[in-house]
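Report on the structure given below.
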Amino acid sequence: MAEGISSFWGPVTSAEWCEKNYVYSSYIAEFFNTISIIPGILLALVGLINALRQRFEKRFSILHISNMILAIGSMLYHATLQHMQQQGDETPMVWEMLLYMYILYSPDWHYRSTMPTFLFFYGAGFAIVHALVRLRMGFKVHYVMLCLLCVPRMYKYYIHTKDASAKRLAKLYLATILTGSLCWLFDRLFCPNISRWYFNPEGHALWHVLMGFNSYFANTFLMFCRAQQLGWNPEVAHFMGFFPYVKIQKPKTQ
């Protein structure tokens, strides 16, 4: 993609993707990469409403809110293609992974205050460094490492969960992240070829849609596992026979 394209937001100062800029509006640089994030916001809102309605632990409400904050930051980034907005997308990505690490590992962590304290200062330190230093490949490697740290715990939850519907959520989580990653790589690696095609499959936009569902499936699965740990008799219900969510029944003493 060409650099320095004039627009309502000025010259491009951030990383670009394989979508032509300002095709449909002078206010939205990458149109499909921007609107494809909307499903993720709506799914996070659904998860938040369910968490609040059934009085799950606050960590899950914060998790759904962090999904929305990340999505909004990503929308601003793709709409403007400005470096500051790119940081507003990437920094919440790291914060969200730290929150996932807390939710995954805290139930078996014996020193209750050390983990959140460490993760808080780690997240704050990263935000400062990321604001001062323009990380490129380093950010991607760092983010993948954080994701990989979550994998062993997610696998442990999966093998210790007997409920078939909950296991299906975990499988959907895995399927969406693998398919989404392939779309991301396809868009990134083959952009010179894609740019010459009559039709652009918009791999990065597909990544956004799939990751919106991926986050929802991950959050719902973790809510089920945590409810099991707390003895809340969780079950995976389906709205209109299709859309999964966790339904719990707390003991009357609670």
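Brief remarks on what is shown
- Number of the condition not met by Pro107 [criteria: (1) open to solvent by 60 Å² or more (accessible area, probe 1.4 Å); (2) at pLDDT below 95]: (1)
- The helices (runs of 4 or more DSSP H) found wholly in region 84-199 and carrying at least 3 residues that are aliphatic (A, V, I, L, M) occupy 114-132, 137-159, 164-189.
- Filtered by the rule that a residue be crowded, with 16+ Cβ neighbours inside 10 Å and either assigned to a helix (DSSP H, G or I) or among the polar types (S, T, N, Q) (or both), region 25-45 gives Phe31, Phe32, Asn33, Thr34, Ile35, Ser36, Pro39, Gly40, Ile41, Leu43, Ala44.
- Annotation note: Cβ proximity below 7 Å between a residue of region 13-38 that is closer than 11 Å to Asn200 by Cβ and charged (D, E, K, R) and a residue that is assigned to a strand (DSSP E or B) and modelled with pLDDT of 95 or more (sequence gap 6+ or interchain) occurs for no pair.
- So Ser14, is it assigned to a helix (DSSP H, G or I), open to solvent by less than 30 Å² (accessible area, probe 1.4 Å) and hydroxyl-bearing (Ser, Thr, Tyr): no
- Residues (touching a helix residue (DSSP H, G or I) at 6+ places or on another chain (Cβ under 9 Å), of a type in the set (A, V, I, L, M, F, W, C) and either over 21 Å from Leu174 (Cβ atoms) or assigned to a loop (DSSP other than H, G, I, E, B) (or both)) located in region 206-238: Trp232, Ala237
- Contact map, region 182-205: first residue under 7 Å from Cys18 (Cβ atoms) and of a type in the set (S, T, N, Q), second residue in a loop (DSSP other than H, G, I, E, B) and modelled with pLDDT under 95, Cβ cut-off under 6 Å, separation 6 or more or different chains; the map is empty.
- The set of residues in region 152-188 being open to solvent by 70 Å² or more (accessible area, probe 1.4 Å), among the aliphatic types (A, V, I, L, M) and over 15 Å from the mean Cα position of the chain (by Cα) consists of Ile159, Leu182, Leu185.
- All of (1) of a type in the set (A, V, I, L, M, F, W, C); (2) open to solvent by less than 30 Å² (accessible area, probe 1.4 Å); (3) more than 22 Å from Met75 (Cα to Cα) hold for Ala205 with one exception: (3).
The values are calculated or read from the model by the stated rules, or taken from the named source; none is laboratory data. What you see is a predicted model; the values in this text were computed from it and never measured. FYI the Cβ positions are ideal-geometry reconstructions off the backbone, even for glycines, and counts take in every protein chain you see. These area figures cover heavy atoms from the full protein model, side chains too; ligands, DNA and RNA do not enter into them. Shrake-Rupley method; radii C 1.70, N 1.55, O 1.52, S 1.80 Å.
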